[in-house]
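What follows is calculated from the coordinates using simple rules that are stated; it is not laboratory data. Only a predicted model underlies this, so the values are computations on that prediction, with no experimental measurement involved. Please note: Cβ atoms are built from the backbone with ideal geometry, for glycine as well, and neighbour counts cover all protein chains shown.
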Amino acid sequence: MGLKLKMEKRLNMNETVKKAVVITGCSSGIGRAAALFLAQQGWVVFATVRREADAEALRSSHLDGLIPVCPLDLTRLEQINAAVDLIKGELDRRGIAGLSGVVNNAGGGGVAPIEAMDLEIFRTELQTRLWGPVALLQATLPLVRTAQGRVIWIVTPSLMPVPYVASIHACDFAANCLARTLQLELKPWGIPCIQIRCGGIDTPAASRTQTEMNRELQQPDSRLALYRDALEKEMASLRQFDQQRSAPEEVAKKVFQALTERRPRARYRVGYLSGLAAAVELLPQPWMDWVLAKREK
Ligand SMILES: NC(=O)c1ccc[n+]([C@@H]2O[C@H](COP(=O)([O-])OP(=O)(O)OC[C@H]3O[C@@H](n4cnc5c(N)ncnc54)[C@H](OP(=O)(O)O)[C@@H]3O)[C@@H](O)[C@H]2O)c1
């Protein structure tokens, strides 16, 4: 067979080799945008959601490779195991060897000062952002290894203490530890572990934050009343911030870049004020604490 023919054959084979990815939390926001974008690029996307109505909404986009995985609540081990069984079965059925990516996106969290934080919401967020992703990775890493895939974490842009969102940011600090530790542990197999560090992104989470803040302020809880002035000030600056948020599709494109770039970076940055936040993180901790304390005056 001539060289030209051989190359053409190889190219045709590559065209038919599908790549598959799992993305958690695809009912809305970043997860949904990433799932749609990757499916539009021809990837097989296992898009996890908790509710059948959200699975149905994904199906109605009529994208060939978009496969809703439902239910997947990351606080439930039996649902994680069932989802991975479904993914394995579907990969076999489609003749796809392994997963080219696992994107840890799902998250929720609440807004409140630590003193008045709802402990159940905090526990759920820790499970959703840390315990669940570890369980999911334990079950999917053999598939990622097979495809020489990548692990991606959607996180905030900076390790910076921000008042009233500790339930979210504590998870980001810990996710940073998991991502960077995995980067070292998975090095022998050449599996990159990548953080997509997002600034302000325009998703339902933004309006939920405002609603929650408002609700918190209505509570006749005396401990919360101590924070009323500070929370009202925070809400005013949040309203301004919300007007500048970037579209979730920008994150979707970064996810695609991180999954496909030949030499992926350990961190990508995207979205409103993500650059400034990343710069603040470079400050020595005592300086950062000083700058943040000034802001709270
Ligand atoms: N928006 C931003 O500005 C921003 C900035 C930096 C980082 N992030 C991070 O980006 C990720 C996505 O957030 P988003 O802004 O796109 O918010 P979103 O639209 O509210 O999406 C969150 C997704 O996570 C899912 N989820 C929540 N708890 C879950 C659980 N226990 N098990 C499985 N799925 C669960 C939600 O499902 P349900 O619909 O069933 O609740 C939803 O699909 C989060 O981890 C967030 O911390 C967001």
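Worth pointing out:
- Crossing angle, helix 248-260 versus the chain [Cα axis fit, 0-90 degrees, rounded to tens]: 40 degrees
- Sequentially through the range 268-273, phi angles give Karplus couplings (6.51, -1.76, 1.60; θ = phi - 60°) of 10, 10, 7, x, 3, 6 Hz, Gly and Pro residues having no value and appearing as x.
- Charges were assigned to the Cβ only: +1 to each Lys and Arg, -1 to each Asp and Glu. The resulting dipole of the range 147-297 about its Cα centre is roughly 560 debye.
- Cα gyration tensor shape for the range 62-207, rounded if a/c is under 1.5, else prolate or oblate: prolate
- Spin-label pair ALA293/ARG59, simplified geometry with 7 Å Cα→Cβ offset, distance in nm: 5.7 nm
- Student exercise, the chain dipole from Lys, Arg, Asp, Glu Cβ charges, in Debye to nearest 20: 1420 debye
- Checking every one of the trypsin sites (Lys or Arg not before Pro) in the range 208-265 against DSSP loop status and a limit of 10 other Cβ atoms within 10 Å picks out ARG262.
- Divided by 2.2 N^0.38 Å, where N counts the residues, the Cα radius of gyration of the range 225-287 comes to 1.56.
- 222 nm mean residue ellipticity, helices alone, for the chain (DSSP H n ≥ 4; -39,500 (n - 2.57); rounded to 500): -17000 deg cm²/dmol
- Applying the Karplus relation 6.51 cos²θ - 1.76 cosθ + 1.60 with θ = phi - 60° to the range 35-43 yields 3J(HN,Hα) values of 4, 5, 4, 5, 5, 5, 7, x, 7 Hz, where x marks Gly and Pro.
- Folded to 0 to 90 degrees: helix 132-147 orientation relative to the chain principal axis, Cα: 20 degrees
- Were the residues from MET117 through GLN183 laid out at 0.36 nm apart, the gain over their Cα-Cα distance would be 20.5 nm.
- Spin-label model, GLU232/GLN40: points 7 Å from Cα along the beta carbon direction are separated by 4.4 nm.
- For the range 37-103, the set of chymotrypsin sites (Phe, Trp or Tyr not before Pro) satisfying both a DSSP loop assignment and a count of at most 11 other C-beta atoms within 10 Å is empty.
- Extended-chain gain in nm, criterion 0.36 nm per residue less alpha-carbon gap, ALA247 and GLU281: 9.9 nm
- Kirkwood hydrodynamic radius (C-alpha pairs) into Stokes-Einstein, the range 154-297, 37 °C and 0.692 mPa s, D in µm²/s: 193 µm²/s
- Lys, Arg +1 and Asp, Glu -1 on Cβ, resulting dipole of the range 57-148 about Cα centre, debye, nearest 20: 380 debye
- Under-15-angstrom lysine pairs by C-alpha in the chain, whenever the two are 8 or more apart or on separate chains: 4
- Sites ASN81 and LYS18 - FRET efficiency at Förster radius 22 Å, r taken between beta-carbons, to 0.05: 0.35
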